[in-house]
Amino acid sequence: MRVLFTCACGKNSEKLFQDIKKDLGKKVSLFGCDIKKKIGKTNLDHFYKVNFKNDKSFLKQIFRICKKNQIDLIIAWADKEIEILSRNKKKFKKINTEILLNNYRLIKIFNDKFKTFQILKKINIPVPRYKLLNKNLNIKKILMNFGYPKKSVIIKSRYGIGGRGTYLLMGKDYKKFNWFGNFGREKKFLRINNKIINRIVQNNKSILMEAMNKPAYDVDILKTKDNFVTSIRKRNNPAGIPYRGSKVIANKKILKISKKIVKKLKLKYILDFDFMTETNSNNPTILEINPRPSGSVVDSHYKGKKILTKIIKTFMKN
């Protein structure tokens, strides 16, 4: 089995490649590619540096790598890459390369936080209170309707990745959110004015939502015809950045919600769900669906939930 990992220069990727090799030995050959240069020793059998000038150029490079190396499976890790690859699954199928991604329509939805909330509401999954903003609206009035400044609220980009473009507008309850980051990806504002609102709100690209609280959870999921495996991890740092590890736990509420989403939306392969906690009720609430492995899936791997090993084994049997 010959497997290609995109975005193969992740912080924990080498640990994962090493562990997969230990599990599967000579039954698997691992290939990787990234826009970055691989530094130091690697557990991959071969690494390719690719560029991302545009979608067409990236697709051409990945296709060439797969054809040359007779790749059986592609496991994609980056949000932009998965859109391109999911749209071209049939092209790769012709050279016997299977791309482990859900269909393009769903991936487009999941890469848009507003549309994700919309589709989750349709299948009766609880989501935070939210509203799509534009500059024609009376934003100060909407903020008051969300309980601000008594309650803290979040303004975030509907297309943001990894917490980028997330702003906490701190209300009188701001001490509850001392864990929230305040660096390049995330910002806190104790007081706001029209100038700040105009700077952080993008027309039809910003979402206002109630502020969720800790604990925060990552849910790693494997779904195939014969397998449904979940690993629920409580983050040591709720903000996620800098990453400080996580602890695998049991949580019946999160498991029930995750199973319902997978079943109702007919999802498959490897998924990463992000949950946080409602401030008042302490109920876990889903915030994101990522149709790819999480960057910290290695934590699940070391706790015995070897999701990536399991999915490669599944395709070995087919």
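Throughout, read-outs are computed from the coordinates displayed, never taken from laboratory work. All values reported here derive from a predicted model rather than from experimental measurement. Cβ coordinates were reconstructed from backbone atoms using ideal geometry, including for glycine residues, and neighbour counts include every protein chain displayed.
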Query raised in the report: Calculated FRET efficiency, D45 and K263, Cβ-Cβ r, R0 51 Å, to nearest 0.05?
Result: 0.90
Query raised in the report: So what J values fall out for segment 62-67 if you push phi through Karplus, 6.51 cos²θ - 1.76 cosθ + 1.60 with θ = phi - 60°, rounded to Hz, Gly and Pro as x?
Result: 5, 4, 5, 4, 5, 5
Query raised in the report: In what sequence do W179, W77 fall when counting other Cβ within 10 Å, fewest first?
Result: W179, W77
Report task. Work out how much length K56 to K141 would gain on full extension: take 0.36 nm times their residue separation and subtract the Cα-Cα distance, in nm to one decimal. Result -> 26.2 nm
Requested in this report: Can you figure out the FRET efficiency of Y243 with K310, using R₀ = 25 Å and their beta-carbon distance, to the nearest 0.05?
Outcome: 0.60
**Report entry** With eigenvalues of the C-alpha gyration tensor scaled by 5 and rooted, segment 130-210, Å
**Finding:** 18, 16, 11
Requested in this report: Give me the number: length gained by fully extending K195 to K115, i.e. 0.36 nm times residue separation minus the C-alpha to C-alpha distance, one decimal in nm.
Outcome: 26.0 nm
Report summary line: The pairs in K49/K247; K21/K94; K135/K247 lying past 31 Å Cα-Cα in this model are K49/K247; K135/K247
Requested in this report: Using all C-alpha to C-alpha distances in segment 2-100, build P(r) with 10 Å bins and read off the rounded percent in each one.
Outcome: 15, 53, 29, 3
Query - E288 long-range amide H proximity, modeled H, under 5 Å - result: D274
Query raised in the report: Taking the Cα centre of each part, how many Å lie between segment 250-274 and segment 139-175?
Result: 27 Å
Report summary line: Per-residue ellipticity at 222 nm attributable to helices in the chain (runs of n ≥ 4 DSSP H, -39500 (n - 2.57) apiece, nearest 500 deg cm²/dmol) works out to -9500 deg cm²/dmol
Query raised in the report: Using only the Cα atoms, what convex hull volume per residue in Å³ does segment 204-274 have?
Result: 133 Å³
Query raised in the report: What ratio of Cα Rg to 2.2 N^0.38 Å holds for the chain?
Result: 1.04
Requested in this report: Past 19 Å, Cα to Cα, is the threshold; run K187/K234; K113/K205; K115/K151 against it and keep the listed order.
Outcome: K187/K234; K115/K151
Query - In nm, spacing of pseudo-spin labels at K122 and K80 (7 Å Cα→C-beta vector) - result: 2.8 nm
Query raised in the report: So how do M209, M144 line up by other beta-carbon neighbours within 10 Å, fewest first?
Result: M144, M209
Requested in this report: Nearest 5 is fine: what % of DSSP beta bridges in the chain come out antiparallel, could you say?
Outcome: 70 percent
